[in-house]
Amino acid sequence: MQTKPHSILTIVIPVYNEAPVLEKTIQTIVPYAAQKGWELIFVDDGSTDHSSQILEQLVTVSHARVLRHKINRGYGAALKTGISCVQTPYVVSFDADGQHQIEDVERLLSFALQHDSDLVVGNRPGIGNKNLYRALGKWMIWQFARLLMPLKVRDLNSGFKLYKTELIQQYLSYCPNSMAFSDVITLIFTHQRHLIHEIPISISPRTAGKSTINIWTAFETLLEILNAIIMLNPLKIFIPLSLISIIVGIGWGSYVIVRVGRGVSVGSMLAVVSGLIFFMLGLLAHQISNLRLDLLELKSQAKTAERNDCE
C-alpha cells in the first residue's frame with residue numbers, strides 16, 4: 001500500500017476475536033477515515049472466530065490494509081506489526097471493540113499539531129469506576145510505575161494514543177508483545193523526555209465480545225513495567241536495594257555487638273555484602289542501559305540523515 005501524498009495519519013487497529021462488534025466498527029471507521037484522508041491498518045492477530053472473514057470486505061478499500069498473524073501473538077505484537085508498516089507522520093492506536101469514538105482521533109491529531117506533541121494519550125475519564133476490580137488493578141499499576149519513574153500521565157494503560165511515527169518506530173523492539181505495550185511505550189517516551197500530553201476522550205461501554213484483561217494481565221503488566229525500568233533506569237531499582245541491604249546489615253550488626261556482646265554476625269555481613277553486590281550490579285546495568293540507548297540514538301540519527309538525503 002503506497003501512502004497518499006496528503007495522508008498525515010494512520011490508524012492501527014488490532015483485532016482478536018471481535019466478530020460481534022467488528023462489522024459496526026468497520027462501518028463507522030472506514031468512511032470517516034476516507035473523508036479525512038487517513039490510512040487504516042487492521043491487524044488480525046490470529047482470530048479464531050469469523051473476524052478474518054469480516055475483514056475481507058476491506059480488500060477493495062483503497063485507504064485500508066489488512067495484516068494477519070497466523071497465530072495469536074498478543075495485543076502488543078499486533079500493534080508492532082501495524083505500526084512498523086506506517087508511512088504517515090502520525091499514527092493512532094485504536095481498539096476494535098467499539099469503545100473508542102472515531103471523532104476523538106481528530107481531536108488528538110489537532111491537539112498534536114497545535115502543540116507539536118510527540119505523544120498524546122486519550123484519557124478515559126471514570127474508566128473502571130463501575131468495576132472495582134479493574135479500578136483497583138489500574139490504580140496499582142499506575143502507582144507502581146509512578147514509584148519507579150515520574151509520571152504526568154494518569155491513564156497509563158489507555159489503548160487510545162497518538163504518536164509521532166518516526167519516534168515510536170524507533171522503540172518498537174523495546175516494547176512487549178502483551179497488553180503491557182501501552183504502559184511500557186508511555187514509560188519509554190517519558191524517560192526519553194519526549195513531549196507528552198493527555199486529553200480526555202469519550203468511551204462507550206462494550207456491547208459485545210469479552211475483554212481479555214484479567215488478574216494475570218495485571219501481574220504481567222507489573223513485570224513488564226519493572227523490566228522496562230531496569231532497561232531504562234536500572235539505578236532506580238538497584239540503589240534502593242543496595243541501601244536497604246547495607247543499612248539493615250549495619251543496623252543488625254551494631255545491635256548484636258552492643259546489646260548481645262558478640263562479634264559481627266554472619267547475617268549482618270551477608271546483608272552488607274549483598275548491598276555491595278546490588279550496587280555493582282546497578283552500575284553494570286546502568287552502563288548496559290546507556291549503551292543500548294546510545295545505539296538507539298545513533299540509529300535515529302542515521303534514519304534522519306537517510307530521509308534528508310532522499311528529499
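Summing charges over neighbours of Phe111, with a neighbour being any other residue whose Cβ is under 14 Å away from its Cβ, gives -3 when K and R count +1 and D and E count -1. Taking θ as phi - 60° and the Karplus parameters 6.51, -1.76 and 1.60, the scalar couplings of segment 173-184 work out to 5, 8, 9, x, 7, 8, 5, 6, 3, 4, 6, 5 Hz in sequence order, x denoting glycine and proline. Around the Cα centre of segment 1-87, unit charges on the Cβ atoms of Lys, Arg, Asp and Glu (plus for the first two, minus for the last two) sum to a dipole of about 280 debye.
Using a simple spin-label model with pseudo-atoms 7 Å out from Cα toward Cβ, Asn72 and Phe111 lie 3.2 nm apart.
For Lys152, the aspartates and glutamates whose Cα comes closer than 17 Å to its Cα, not counting residues fewer than 8 places off in the same chain, are Asp118, Asp183, Glu198. Assuming R0 = 30 Å, what is the FRET efficiency of Asn290 and Arg154, from their Cβ-Cβ distance, to the nearest 0.05? With R0 = 30 Å, the Cβ-Cβ based efficiency is 0.50. Between Leu226 and Arg193, what is the FRET efficiency for a Förster distance of 25 Å, r being their Cβ-Cβ separation, to the nearest 0.05? For R0 = 25 Å, the calculated efficiency reads 0.75. The order of the peptides 165-174, 78-87 by mean Cβ neighbours within 10 Å, most packed first, is 78-87, 165-174. Taking packing as the residue-averaged number of other Cβ atoms within 10 angstrom, the listed peptides 143-150, 90-97 run from highest to lowest as 90-97, 143-150. Stretching the chain fully between Thr28 and Leu270 yields a gain of 80.8 nm (0.36 nm per residue, less the alpha carbon separation).
Quick note: the coordinates plus some simple rules give every number you see, no bench work behind them. Everything numeric in this text was worked out from a predicted model, so none of it was measured. No Cβ is skipped: glycine too gets one built from the backbone with ideal geometry, and neighbour counts run over all protein chains shown.
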